[in-house]
Amino acid sequence: MRAVGVTEFGGPEVLHLVDVPAEPLGPGQVRVRVTAATVNPTDTYARNGTYAGRDPVKEFPYVPGMDVAGVLAEVADGVQTDLEVGAHVMGIVVPSGAHGGYREDIVLPARSIARVPAGAGDAAASTLPMNGLTARLALDKMALQARQVLAVTGAAGAFGGYVVQLAKTEGLTVVADAAEADEDLVRELGADVVVRRGDDVAARIREQFPDGVDGLADGSVQDAAVLPAVKDGGAVATVRGYRGDGQRDLRVHPVLVRRYAEEAEALDRLREQVEEGELTLRVAQTFPAADAAEAHRRLEAGGVRGRLVLTF
């Protein structure tokens, strides 16, 4: 079975095509023939060994990747689903060893997949599961009410962009950061107020909302630096495990998408919101799977808007 993985941790150059065993189909599972796998920042950390201490790799090759799309090839006996073999589906992957999204055939829990949005190709659909579910989880954890104010950092990114769009469907007022080149994009995503990104973004948010915002989704991973933007008792969602400084009664929620990896209803609702025009799928560039190293170099160079996708 072809996959893209590493046999040692390091820079993009350690990524190469590897052979991995086919995965057996177990109870409650489905098999997907992967045609597209998204490249996310978390994949680069997996590749370079940043996560090796947290999730020890017992043996190589190690295959990154948390988003896939492709063709449903097999359904285990007893699985209750309205998806038929041959349907185009998208899914979220919790990587472990050779079980990662960068492989041409993968077995997943049946509750980790949903139908590809109507009118979307597999490459575009593969960009939705991980970041879309992370955004959904962040909003669910903060539990803001309509007309409250949400700040979003990293709003031009995939996670931040989905947070902005989902928040607007729920009647929130959104203040988002953006580089000058991204201001139009962030406004198109639905932000009500756009402030310039940077180290002092919290002060710029407070200029617009002197009492502070009700919630903040920190997609740019600024951690303590952005907490001053939030009012006392407000909610914060973080994406790299940051738990706050314990001050001002802030409710800080480290968001771990693994907790939503089998929330089939949430994933299918995201599919519906794409079809309804409430969420935008953004592909920056596609690469043949054999060129995964170049895709990682492109991502780490910065400035990517939308997602890079490997194709099989």
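If we scan segment 139-159, do we find a residue that is over 27 Å from HIS253 (Cα atoms) and aromatic (Phe, Trp, Tyr)?
No, segment 139-159 has no match at all.
Under 8 Å between Cβ atoms, which residue pairs at least 6 apart in sequence (or on different chains) link something in segment 91-108 that is at positive phi with a partner that is crowded, with 24+ Cβ neighbours inside 10 Å?
GLY97/TYR62; GLY97/VAL63
What tally of residues in segment 215-228 results from selecting those that are small (Gly, Ala, Ser) and farther than 14 Å from GLN148 by Cα?
Counting residues in segment 215-228 that are small (Gly, Ala, Ser) and farther than 14 Å from GLN148 by Cα gives 4.
Looking only at segment 283-306, count every residue that is farther than 15 Å from ASN48 by Cβ and in contact with a strand residue (DSSP E or B) (Cβ under 7 Å, 6 or more places away or on another chain) and tell me the total.
13
Restricting attention to segment 283-312, which residues are out of contact with any helix residue (DSSP H, G or I) (no Cβ under 7 Å at 6 or more places or on another chain) and in a loop (DSSP other than H, G, I, E, B)?
Hits for segment 283-312 are GLY302, GLY303, GLY306.
Scan segment 79-88 and give yes if some residue there is farther than 16 Å from LEU267 by Cβ, surrounded by fewer than 18 Cβ atoms within 10 Å (Cβ to Cβ), at pLDDT 95 or above and not small (Gly, Ala, Ser), otherwise no.
Scanning segment 79-88, I find at least one residue that is farther than 16 Å from LEU267 by Cβ, surrounded by fewer than 18 Cβ atoms within 10 Å (Cβ to Cβ), at pLDDT 95 or above and not small (Gly, Ala, Ser), so the answer is yes.
Between VAL193, VAL213, which is of a type in the set (Val, Ile, Thr) and free of Cβ contacts under 8 Å to residues at least 40 places away in the same chain?
VAL193
Residue under question is VAL194, and the condition is that it be among the β-branched types (Val, Ile, Thr) and assigned to a strand (DSSP E or B); does it hold?
Yes.
Give me the residue from segment 229-263 that is surrounded by 16 or more Cβ atoms within 10 Å (Cβ to Cβ), closer than 13 Å to ILE92 by Cβ and of a type in the set (A, V, I, L, M) and, out of that set, nearest to the chain's Cα centre (by Cα).
The residue in question is VAL257.
The values are calculated or read from the model by the stated rules, or taken from the named source; none is laboratory data. Treat the numbers as computed from the prediction; the structure is a model and nothing was measured. Every residue, glycine among them, receives a Cβ derived from its backbone with ideal geometry; neighbour counts consider all protein chains shown.
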